[in-house]
1. Being of a type in the set (Gly, Ala, Ser), within 27 Å of LEU83 (Cβ to Cβ) and assigned to a helix (DSSP H, G or I) is the requirement here; does ALA122 meet it?
2. Going by the structure shown, is VAL200 out of contact with any Pro (no Cβ under 8 Å at 6 or more places or on another chain) and in the same structural domain as THR120 (by TED's automatic domain parsing)?
3. Taking the condition part of a helix (DSSP H, G or I) and under 60 Å from the mean Cα position of the chain (by Cα), does ARG137 pass?
4. Here is a check on your reading of the model: is GLU315 under 30 Å from VAL50 (Cα atoms) and of a type in the set (Asp, Glu)?
5. Working only within the stretch 148-204, note down all residues that are under 16 Å from ALA128 (Cα atoms) and among the β-branched types (Val, Ile, Thr).
6. Could you tell me which of the residues ALA162, ALA169 is over 30 Å from LEU210 (Cβ atoms), touching a Ser or Thr at 6+ places or on another chain (Cβ under 7 Å) and part of a helix (DSSP H, G or I)?
7. Of GLY217, GLY201, GLY206, which residue is within 19 Å of ALA74 (Cα to Cα), in contact with a strand residue (DSSP E or B) (Cβ under 7 Å, 6 or more places away or on another chain) and in a loop (DSSP other than H, G, I, E, B)?
8. It is to be established whether one or more residues within the stretch 136-158 are at pLDDT 90 or above and on the phi > 0 side of the Ramachandran plot.
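The values are calculated or read from the model by the stated rules, or taken from the named source; none is laboratory data. Just so it is clear, the model here is predicted, and its values are computed rather than measured. No Cβ is skipped: glycine too gets one built from the backbone with ideal geometry, and neighbour counts run over all protein chains shown.
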Amino acid sequence: MEKKKFTPGVVGAIVTAVVVVAIIVFVALKPRSEDESKKGTVKPALTVTVTQPQRVAMPITLAANGNIAAWQEAIVGAEASGLRVAQVLVNVGDRVKQGQVLATLAGDTVRAEAAQSRATLAEAEAAAADAVNNAQRARTLEGTGALSTSQINQYLTAEKTAQAKVEAARAAVALQVARVSQSEVRAPDNGIISSRTATVGAVLNGGAELFRLIRGGRLEWRAEVTSTEIGKLTTGTTALVTAASGARLSGRVRTIGPTVDPQSRAALVYVDLTPLPANPGTTGNALAGMFARGEFDLGTASALTVPQSAIAIREGFSYVFRVEPDNRVTQVKVQTGRMAGERLEITSGLAADARVVASGAGFLNDGDLVRISEGAKPAGAKAASAAAKAAPAASAAKR
């Protein structure tokens, strides 16, 4: 079979056709130019508002955990021994006043003994009066020789002995009166009954515990603070405490423990508590023995902040999206700190003059083109101003 041979003209035509086709394909697949992007060929990913970080005064707090306990717990016991409990007048949880009768003891025996001692006193007083009269007559006859010196001395000695017996009888009466009064167990102070072991019919030994009393009904929070942070607190520092029941209390540091636990490396801080007015979202009361969390108010300090809505949490890290001059966003990793209202402190990673996306950060990716909404900056400035005014007010409210 005879092979076809192409002439130089045919080969040139084929090469020309291939070049033309290549040019057409290149033009069709050519990337969009920057001018075409500026003309709107590339659409923005999102319309956003922007803001700048603002410096506001934010409260400085120190968080701690601890237990609520009674300020002081008085033990009320029986002074009299061998008496039977006749009546118990109070129960656990009752509020009592100083001197109020908590329980009565069967005092028939001590009352009878008190009557007997009063009779003995009367007898001693009568004998003493007779002895005084005899001694007085002996003194008048002392220089006449009607009585010997020894007889006169006997009368004078009998007078002193009778007077001594009167004093002894009076002391016995006072003792029996005291025992009668001990048949009524009284509250040593105002407070709340926290424990009761008194039982009707029980015969008591001297000093037996009958009740425990929270003096004044006062509670304290014993906060555990690490040795590295204990230096930030002083006597009088205010605190806001929330009990496990939801009850909220204000407190003030009364004293700081003089030692640090070598195991936990924490010291106890004793905080006097005062109940706050009940809030709609809180229930329950603060009780001794209850766990509680709290924050100590250490004042305020200036901080660089952004709205919370500007933060995007990804893979456990915090990011903001900085808006570049060409309206594209750059994802910036930041470190966050305190929070006040709707503002969050930025401790590192962001310049104070940066423009960041104020809301919608969670829908953006690094390098996205965005459209800037009008009026974004004034909105951010107003929010920062409001947070700056709210922070000192919140700190003052804690005090």
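1. When the stated conditions are applied, ALA122 passes them.
2. no
3. Judged against the criteria, ARG137 is not a match.
4. yes
5. Result: THR157, THR161, VAL166.
6. Exactly one of ALA162, ALA169 is over 30 Å from LEU210 (Cβ atoms), touching a Ser or Thr at 6+ places or on another chain (Cβ under 7 Å) and part of a helix (DSSP H, G or I), namely ALA169.
7. Going through GLY217, GLY201, GLY206 in turn, the sole match is GLY217.
8. No, because not a single residue in the stretch 136-158 is at pLDDT 90 or above and on the phi > 0 side of the Ramachandran plot.
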